[in-house]
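The values are calculated or read from the model by the stated rules, or taken from the named source; none is laboratory data. Computed from a prediction, not measured in an experiment: that's the story for all the values here. Here Cβ is always computed from backbone atoms with ideal geometry, including for glycine, and neighbour counts include all displayed protein chains. Accessible surface areas use protein heavy atoms only, side chains included; no ligands, DNA or RNA. Shrake-Rupley method; radii C 1.70, N 1.55, O 1.52, S 1.80 Å.
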Amino acid sequence: MSAGLISLEGKIALVTGASGGLGAHFAVVLAQAGARIAVAARRIDMLEPLVARIQASGGQARPLVLDVTSATSVSRCFDELASWGAADVLVNNAGVTVTKPLLQQTEEDFDRVVDTNLKGSWLVACEAARRMIAANRGGSIVNVASILGERVAGGVAPYAISKAGVVQATKAMALELARHRIRVNALLPGYVVTDLNRDFLASEAGQKLQARIPSRRFGQMTDLDGPLLLLASDAGAAMSGATLAVDGAHLVSSL
């Protein structure tokens, strides 16, 4: 593969949920590929170390305040980004979960998870697409779903439901936005080690989970770099409506 295919030089990328974990990692990866990076989260102070890190490495980055559950906040975020131009790449990463048994999940739990993960990704993707169309430049939207969008696990019902919705929303968006040269794909990570889950994955329960993964390993954030760049760049120019699992064969494990 030519290095030019995965170059994002001259592109503008927006990453939501970028205050830590996968979002922060994705922002660094895209910056290293040459994109100017706008990182967004509800608290701008949580973004400042990431912006400084990218800038210290020679990249261009800026923080934006964004509550993905609010259409007003989403519109305001893109208005602020407009001083750079329309985003060429959106990584729709913001997400939350509530872990407890199904019958202990409350209406508030359900609303919080689905509003952030599904409604939020919908609001941001649609606004990004409107701006891309107005700029007449096409673009790539990468919705971060999960392998739980295709299979299930106990204790995270609203999360699995929301991510299944993201998978189907990706396909619906891809169908309608293709005529505008906007590609929409979903990245489906498996269990990936981050600061938030590191202790659990190293625990006895985590080791039992690892034993059920055919590759017998948890993913590392760097495992997502290539798939992300494929979907974001011209290397994936003919891909739209695809769901790309990065899970060590977990989805295809035997029942």
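Along region 189-205 the Karplus relation, 6.51 cos²θ - 1.76 cosθ + 1.60 evaluated at θ = phi - 60°, assigns HN-Hα couplings of x, x, 6, 10, 6, 9, 4, 6, 10, 4, 5, 5, 5, 8, 7, 4, 5 Hz to successive residues, with x for each Gly and Pro. The accessible-area ordering, largest first, of the residues Ser57, Ser215 stands as Ser57, Ser215, per a 1.4 angstrom probe. Go through Lys119/Lys208; Lys11/Lys171; Lys11/Lys163 and tell me which ones have a Cα-Cα distance over 31 Å in this structure. From Lys119/Lys208; Lys11/Lys171; Lys11/Lys163, over 31 Å: Lys119/Lys208. Rolling a 1.4 Å probe over the heavy atoms of the protein chains gives the chain an accessible area of 48 Å² per residue.
Each of Thr243, Ala24, Gln207 was placed along the dipole of the chain (beta-carbon charges, centred on the mean Cα), and the one lying farthest toward the positive end is Thr243.
Note on exposure: Cys77, Cys126 ranked by accessible area (1.4 Å probe, complete protein assembly) read Cys126, Cys77, with the most exposed listed first.
Computed over region 53-172, the P(r) curve from all C-alpha pair distances, binned at 5 Å from the origin, holds 2, 11, 19, 20, 17, 13, 10, 6, 2, 1 percent per bin.
GNM remark for the chain: springs join alpha carbons under 10 Å apart, and the peak mean-square fluctuation among Gly34, Gly120, Gly206 falls on Gly206.
Shape summary of region 137-255, radius of gyration then Dmax from alpha carbon positions: 15.4, 50 Å.
Only Lys, Arg, Asp and Glu carry charge here, each on its Cβ (+1 for the first two, -1 for the last two); on that basis the chain has a dipole of about 440 debye about its Cα centre.
Straight Cα distances below 14 angstrom link Lys100 to the aspartates and glutamates Glu108, Asp109, with same-chain residues fewer than 8 positions distant left out. What separates the Cα centres of region 79-146 and region 34-74 is a distance of 15 Å. With contacts taken as Cα pairs under 8 Å at a separation of at least 6 residues, the chain carries a relative contact order of 18 percent. With contributions of -39500 (n - 2.57) from each DSSP H run of at least four residues, the per-residue ellipticity at 222 nm computed over the chain stands at -11500 deg cm²/dmol. When you count the other C-beta atoms within 10 angstrom of each residue and take the mean per peptide, 94-103, 188-197 line up highest first as 188-197, 94-103. Ordered from highest to lowest accessible area with the whole protein assembly present and a 1.4 Å probe, Met46, Met221, Met132 read as Met46, Met221, Met132.
Projecting the Cα atoms of Ala164, Leu229, Leu196 onto the charge dipole of region 154-255 (Cβ charges, centred on the Cα centre) puts Ala164 farthest toward the positive pole.
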